[in-house]
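Comments concern the structure below.
Where a number appears in this text, it was derived from the coordinates with a stated rule and is not lab data. All values derive from a computational prediction rather than experimental measurement. Every residue, glycine among them, receives a Cβ derived from its backbone with ideal geometry; neighbour counts consider all protein chains shown.
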Amino acid sequence: MQRGILVAMKKMPMLLELFLSFAKIGAVTFGGGMAMMPILQRDLIEKKRWMSEDELLDYYAIGQSTPGIIAINVSTFVGFKQAGILGGIVATLGMVLPSLVIISLIATFISSIDHLLWAQKALKGINVSVAALLTSVVLQFSKKTIKSLIGFLCFAVSFIAIFFFHIPSYVMIVAGALLGVVLYATSQKKNLERVQSGRQEIDGEEQKTDSAERKSYGDGKNSNAEQKTDGGAQ
């Protein structure tokens, strides 16, 4: 018990920083977890250097494919990386608390303002701004993840399947994960075959070298024997 308290006290500065960082992000983020990405890049990668861009993309991929809200999932992953289980809990609380307070306040007054024309127009303007922000995030995310022809084909097939054929997104996520595992296994197999082929070539070259050295050694012995024979005859 005392040891746990001491560990928590040592982590207190990091825990406080995690809570305040994600509370600020949660208070100013509109449009959900995907719209949060630019703020995470600026605050957590560029300023605090808590992670790399590849790690952030991995967190988003895992958060998108696991149950729950992606913003909360990402905050939990980042907090766990920085300060363990307690860090994950604190970061999650920091992300949730501002939204909880703001939504509670809005729910209190929404019944009295939802009939006002200016409130309706304001909400429409917010929706348009959020749509533009999400479009920007999608483009940035695509540039950083689609780096090959196979990646582009996966993107195109997934978009067509979801948008035109209304296939559930979780089906495409599982299919993408399986495809990634298959491609990785295939590449590993090819690398292993290349290594084995290279070893065989090296062994073949070593055998040729040994044969040449033996032959040269045998020719030298025969030459010496012939010289001794010629000398004895003289």
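Anisotropy class assigned to region 43-86 is oblate, per the alpha carbon gyration tensor with a/c at or over the 1.5 cut-off and a/b no larger than b/c. If you take all other residues with their beta carbon under 13 Å from the beta carbon of Ser52, and give Lys and Arg +1 and Asp and Glu -1, the sum is -1. Classified by the C-alpha gyration tensor, region 42-138 has a prolate form. Its axis ratio a/c, with a ≥ b ≥ c, is 1.5 or above, and a/b is larger than b/c.
Here the Karplus curve 6.51 cos²θ - 1.76 cosθ + 1.60, taken at θ = phi - 60°, turns the phi angles of region 122-138 into couplings of 5, 5, 5, x, 5, 4, 5, 5, 5, 4, 5, 5, 5, 4, 4, 5, 4 Hz, with x standing for Gly and Pro. Taking each residue as 0.36 nm, the span from Glu53 to Lys24 lengthens on full extension beyond its C-alpha to C-alpha distance by 8.4 nm. So the label point goes 7 Å from the Cα of Phe159 along Cα→C-beta, right? Which residues of region 31-57 then have their backbone N under 19 Å from it? Within reach of a label on Phe159: 34-35.
For the set Lys24/Lys147; Lys147/Lys190; Lys24/Lys81, the pairs lying more than 23 angstrom apart at their alpha carbons are Lys24/Lys147. Working ranking of peptides 35-45, 168-178 by packing, defined as the average number of other Cβ atoms within 10 Å per residue, highest first, is 35-45, 168-178. Sorting 17-24, 147-154 by average packing, meaning the other beta carbons within 10 Å per residue, from highest down gives 17-24, 147-154.
Counting charges near Thr29 (Lys, Arg +1; Asp, Glu -1) among other residues having Cβ under 15 Å from its Cβ returns a value of +1.
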